[in-house]
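Below is one structure, written out as structure tokens; the observations come after it.
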Amino acid sequence: MPSIEGVRLKFRNKIYIPLTCKKRSTYLKTKDFTIISNNCWGGTVYEAYDLPKGSPTVGMFFIAKDYIEFLSDLKGYIGGKLVFIKPEESRWKEMTEVSGDKRFGHYPVGVLSNGKNTIEIFFLHYHSEQEARDKWERRINRINWNKILVKFNDQNGCTETEVEKFMSFPFKNKLFFTCKHWPNEDGRYTIIHQFPKNNVIMASYEPFGKSKYIDITEILNTL
């Protein structure tokens, strides 16, 4: 039987967004922005406004620690070397967030280097290494470095350490979605209430347009 989260995602992606994206796009003043995201949220936003995907971080996810490392040298990693490994070679393969998903082992796993360090990328919604590489490289060329929105959330092993590092990054436009309060952050994030309650935010609850929590359209228009 499908989970509540699975039903919500299917309704959002297959019915709600296709029916509302064109109307939502009429409120968008800028359409050449780039979203850097730790999960599939960026792709959802582009689809929500009926736009081509202007970011390489679409259809994938990062472990929180790797994502923070990625952001610490964004241009270095974006311009770095991408290779692929067997899923069983992943250093994160024992994490519940990875091994607990029955899809693990059936999608490409990439290792990205900036020449000093490496991170892993889980290409969740890609069928082959070639598809993942082609779309990664194509979307790198679409990046608008003058209009970037950086987003993070409390998924995939996120701890207070990663939250504090994210908050310290000097990105002009950044968002953090969570389902709980974090120490020492003074509310510099968006708390989302979920049903049923969970210890991390669920993808289907992350806002992608105008919501009672935050207005993504307004944020995009100010980039």
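Structural remarks
- Against the list (1) assigned to a helix (DSSP H, G or I); (2) farther than 19 Å from Ile143 by Cα, the condition Pro2 fails is (1).
- Scan of segment 126-161 for residues that are more than 21 Å from Lys65 (Cα to Cα) and in a loop (DSSP other than H, G, I, E, B), ordered by number: Tyr126, His127, Ser128, Asn141, Arg142, Ile143, Asn144, Trp145, Asn146, Lys147
- Count of segment 81-98 residues which are under 11 Å from Ile119 (Cα atoms) and either in contact with an Asp or Glu (Cβ under 6 Å, 6 or more places away or on another chain) or assigned to a loop (DSSP other than H, G, I, E, B) (or both): 3
- Residues of segment 162-173 that turn out to be among the basic types (Lys, Arg) and part of a helix (DSSP H, G or I), as a count: 1
- The number of residues in segment 131-181 that are surrounded by fewer than 17 Cβ atoms within 10 Å (Cβ to Cβ), more than 20 Å from Ser55 (Cβ to Cβ) and of a type outside the set (D, E, K, R) comes to 5.
- Scanning segment 1-18 for residues that are surrounded by 14 or more Cβ atoms within 10 Å (Cβ to Cβ), within 14 Å of Gln194 (Cα to Cα) and not charged (D, E, K, R) turns up just one, Leu9.
- Enumeration of residues in segment 88-110 that are farther than 20 Å from Phe152 by Cβ and crowded, with 18+ Cβ neighbours inside 10 Å: Ser90, Phe104, Tyr107, Pro108, Val109
Each row is one residue, and each column tells you yes or no for (1) under 18 Å from Thr222 (Cβ atoms); (2) crowded, with 20+ Cβ neighbours inside 10 Å; (3) basic (Lys, Arg); (4) touching a His at 6+ places or on another chain (Cβ under 8 Å).
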| residue | (1), (2), (3), (4) |
| --- | --- |
| Thr30 | yes, no, no, no |
| Ile35 | yes, yes, no, no |
| Gly42 | yes, yes, no, no |
| Val45 | yes, yes, no, no |
| Ala48 | yes, yes, no, no |
| Leu51 | yes, no, no, no |
| Phe61 | no, yes, no, no |
| Lys65 | no, no, yes, no |
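- Index of the failed condition, Lys147 passing every other in (1) basic (Lys, Arg); (2) touching a Phe, Trp or Tyr at 6+ places or on another chain (Cβ under 6 Å); (3) at pLDDT below 95: (3)
- Hits in segment 204-213 - residues which are in contact with a strand residue (DSSP E or B) (Cβ under 9 Å, 6 or more places away or on another chain) and surrounded by fewer than 17 Cβ atoms within 10 Å (Cβ to Cβ): Tyr213
- The listed residue being closer than 19 Å to Lys75 by Cα and either aromatic (Phe, Trp, Tyr) or within 17 Å of the chain's Cα centre (by Cα) (or both), out of Phe166, Phe195: Phe166
The values are calculated or read from the model by the stated rules, or taken from the named source; none is laboratory data. These numbers come from a predicted model, not from an experiment. Positions of Cβ are backbone-derived with ideal geometry, glycine not excepted, and every protein chain shown enters the neighbour counts.
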